Ligand SMILES: Cc1cc2nc3c(=O)[nH]c(=O)nc-3n(C[C@H](O)[C@H](O)[C@H](O)COP(=O)(O)OP(=O)(O)OC[C@H]3O[C@@H](n4cnc5c(N)ncnc54)[C@H](O)[C@@H]3O)c2cc1C
């Protein structure tokens, strides 16, 4: 088979159909540009298929399971309750399938051409693609937009790769409950999944190299998360380095560690790795397109997300933007605005950071530690005598959790977010009672303290981005 002789020319070529890529494609097509999107596997990108939405769907099932365990506290008599992972998966898979169809419908309605293939660059602004039936094409874009995303990093530790650890992709598709899960890493993804699996009834051990969970959060916030995890029966090892792994995930694994108490052997049945991400930039000929990469493989971009190649932009995680769907969406806004003569940049944008443990944690902009490092003056938020925004968030979350424990929701801050979400998104349009996950908007309602010079709260208007997650309405 050979590549068809002629190159097909498009106004816009998007590689990767994640949040930024698909939004750009649908928008430019509506504006009259001939647009092609090349996607190798996940229609709509990671978020609806293997990341945000499936994880939040499963986290919600885990929450329901945790309620059933405490049913008597709410005055509910249950004869028995058990986790049925096949049922959990059926619910999640139905949602993912709905979302996949929704994306396909949207592509069809928009007129943007979706090409299912891996794209490989052959020269400037030109890629080769190969459809499932073996048909090869060469596509050239007048303008090219890269939204390639990242994948879970498996660190180079003796025995780890051979143990065939799960990443979030496999864990979120597991039809069985691991008996004894060892989680390597204490970042956002690892924490969300560790708690959910624990709530389904597994034993869970988290191993974190650093001195605290959620390494980028303030120490008091991390301490609150640690308390929460220990309270739920999750074993956490901090300041612990993994020396070697023996065995195979899904059967028996041994993780040999060095920690504050010396060598330790942690045994389990399953292994999950959640230690970071690697950009999907290798082996696809980006060098032939003149697109330079950083030492860590991210695409070099300027503040308008332009790459080192003329007429090529990068968006989302592959461009080194913070790893959130709402940030990828903002990248789309920056690029799109500039296509129309605007002057948007990514410089100094105010971002929302969200951790969807239960209770959830969120902050907008930098935290106290980061403000300290950057020499930014801030004043503690006075709400309810709390010392900081983070503490306020922790406290609000705890109130939320505490209210849940009591079967009530009394805290007005919780009501504000809930009411706004429900007004914004409403219930399922078809009136179906089945809980339906939607990407929702939760907007921080905290204002800067009166008269403060500079704070880590939004000082001018509202945040640029809104956290996006699954709200079960
Ligand atoms: C478990 C988990 C939970 C998360 N939860 C949240 C959350 O609750 N809220 C939140 O805001 N963020 C969350 N995130 C992060 C969020 O999923 C990402 O930041 C977001 O999806 C943006 O991704 P992206 O557009 O950069 O890339 P992606 O969505 O990964 O899109 C990149 C696409 O490019 C395709 N691709 C790559 N290379 C090629 C190629 N050569 N040819 C063709 N196609 C290619 C890939 O198949 C993929 O579909 C979560 C992440 C994980 C892992």
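From 194, 112, grab the single residue that is in contact with a helix residue (DSSP H, G or I) (Cβ under 8 Å, 6 or more places away or on another chain), in the same structural domain as residue 237 (by TED's automatic domain parsing) and within 15 Å of the ligand (Cβ to nearest atom).
Working: 112 fails: in the same structural domain as residue 237 (by TED's automatic domain parsing).
On inspection, the qualifying residue turns out to be 194.
Go through 214, 222 for me and flag whichever is within 15 Å of the ligand (Cβ to nearest atom), under 21 Å from residue 257 (Cβ atoms) and not in a strand (DSSP E or B). Steps first, answer last, please.
Working: 222 fails: within 15 Å of the ligand (Cβ to nearest atom).
It is 214.
Somewhere in region 359-370, is a residue out of contact with any helix residue (DSSP H, G or I) (no Cβ under 8 Å at 6 or more places or on another chain), surrounded by fewer than 17 Cβ atoms within 10 Å (Cβ to Cβ) and not in a helix (DSSP H, G or I)?
There is no residue in region 359-370 that is out of contact with any helix residue (DSSP H, G or I) (no Cβ under 8 Å at 6 or more places or on another chain), surrounded by fewer than 17 Cβ atoms within 10 Å (Cβ to Cβ) and not in a helix (DSSP H, G or I).
Hey, among 146, 172, 104, 160, which residue is touching a residue at least 60 places away in the same chain (Cβ under 8 Å) and closer than 15 Å to residue 51 by Cα? Quick ask: steps written out before the conclusion?
Details: 146 fails: closer than 15 Å to residue 51 by Cα; 104 fails: closer than 15 Å to residue 51 by Cα; 160 fails: closer than 15 Å to residue 51 by Cα.
Only one candidate passes the filter, namely 172.
Looking only at region 169-191, which residues are out of contact with any helix residue (DSSP H, G or I) (no Cβ under 8 Å at 6 or more places or on another chain) and either away from the ligand (no atom under 12 Å from the Cβ) or not in a helix (DSSP H, G or I) (or both)? Give the steps one after another, and end with the answer.
First, pick out the residues of region 169-191 that are out of contact with any helix residue (DSSP H, G or I) (no Cβ under 8 Å at 6 or more places or on another chain): 169-170, 179-180, 182, 185-188, 190.
Of everything in region 169-191, those that are out of contact with any helix residue (DSSP H, G or I) (no Cβ under 8 Å at 6 or more places or on another chain) and either away from the ligand (no atom under 12 Å from the Cβ) or not in a helix (DSSP H, G or I) (or both) turn out to be 179, 180, 182, 185, 186, 187.
Only residues that are part of a loop (DSSP other than H, G, I, E, B), at pLDDT 95 or above and away from the ligand (no atom under 12 Å from the Cβ): list them for region 118-134, please. Don't jump to the end; show me each part of the working.
Taking region 118-134 and keeping what is part of a loop (DSSP other than H, G, I, E, B), we get 118-119, 124-125, 131-134.
When the remaining residues are screened for being at pLDDT 95 or above, the result is 118-119, 124-125.
If the condition is that a residue be part of a loop (DSSP other than H, G, I, E, B), at pLDDT 95 or above and away from the ligand (no atom under 12 Å from the Cβ), then 124, 125 are the ones that fit.
Of all residues in region 1-56, which are in a loop (DSSP other than H, G, I, E, B), within 21 Å of residue 313 (Cβ to Cβ) and away from the ligand (no atom under 15 Å from the Cβ)? Can you show your working first?
Of the residues in region 1-56, the ones in a loop (DSSP other than H, G, I, E, B) are 1-7, 16-18, 31-34, 40-45, 50-51.
Those left that are additionally within 21 Å of residue 313 (Cβ to Cβ): 7, 16-18, 31-34, 40, 42, 44-45.
Across region 1-56, the qualifying residues are 7, 31, 32, 33, 34.
The values are calculated or read from the model by the stated rules, or taken from the named source; none is laboratory data. Since we're looking at a predicted model, the values are computed, not measured. Cβ atoms come from the backbone with ideal geometry, glycine included; neighbour counts cover every protein chain shown.
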